[in-house]
Amino acid sequence: MKIQTYEGYNTRRYNMPWAAKVKLANGRLDFDFRAGNFVGEWNIKHAGRGDLHIDAAEGDAICWGIKDTRGHKEPAYAIIKNGKLEPKEKTEIYDYLSVNTKNPANEKAQEAIEKIKGGDYKSAIEILGNLVQ
């Protein structure tokens, strides 16, 4: 998916544009930069026109930007909805991921609770024992 087109920029001030998928890991935002790709002209003396792409799916949270050595540019955040970018603030991305990220530990604990409700205590202890390890 194409995120943004750059018409050229000063390489002494800006680095190459970047993009990342954003996940929630251990209560923090985690950026997967391997998902982003800048396709265009770029070398140390001159940066020309190019497109910033990301390999992301419906519902993914993404982030992109270009590093400004003077520190004036903040990255942009969005969620992919209906094939389009829905701009969000960083705090909104965190809230979105908090609600929409599956937690395997919670799923296993819920499975153990269901086993206990069904009277299968041995299986529940086994599930919880594997969860603790």
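Students often get this wrong, so check it: of K21/K88; K23/K81; K67/K90; K102/K122; K23/K90, which have C-alpha atoms separated by over 20 Å? Show your work: numbers first, answer last.
Numbers: K21/K88 14 Å; K23/K81 16 Å; K67/K90 17 Å; K102/K122 26 Å; K23/K90 12 Å.
Long pairs (Cα-Cα over 20 Å): K102/K122.
Based on a Kirkwood Rh over C-alpha pairs, give the Stokes-Einstein translational diffusion coefficient of the chain at 4 °C and viscosity 1.567 mPa s in µm²/s.
Details: Rh = 17.5 Å.
In µm²/s, the coefficient rounds to 74.
Report relative contact order for the chain in percent, whole number only (criteria: Cα-Cα under 8 Å, sequence separation at least 6). Don't jump to the answer; show the numbers that get you there.
On the way: 223 pairs, mean separation 27.4, N = 133.
It comes to 21 percent, rounded to a whole number.
The GluC sites (Glu not before Pro) of region 49-133 meeting both criteria, a DSSP state outside H, G, I, E and B (loop) and at most 14 other C-beta atoms within 10 angstrom of the site's C-beta, are E58, E89. Loop-located trypsin sites (Lys or Arg not before Pro) across region 5-85 with a Cβ neighbour count of 14 or fewer within 10 Å are R12, R13, K45, K67, R70, K73, with loop assigned by DSSP. The calculated FRET efficiency for the pair A25 and I113, based on their C-beta separation and a Förster distance of 41 Å, comes to about 0.95. Between N130 and K102, the FRET efficiency from the beta-carbon distance, with R0 = 25 Å, is close to 0.90.
Bear in mind that the values in this text are calculations on the coordinates, not laboratory data. Note that the structure is a prediction, hence the values are computed from the model and not measured. Here Cβ is always computed from backbone atoms with ideal geometry, including for glycine, and neighbour counts include all displayed protein chains.
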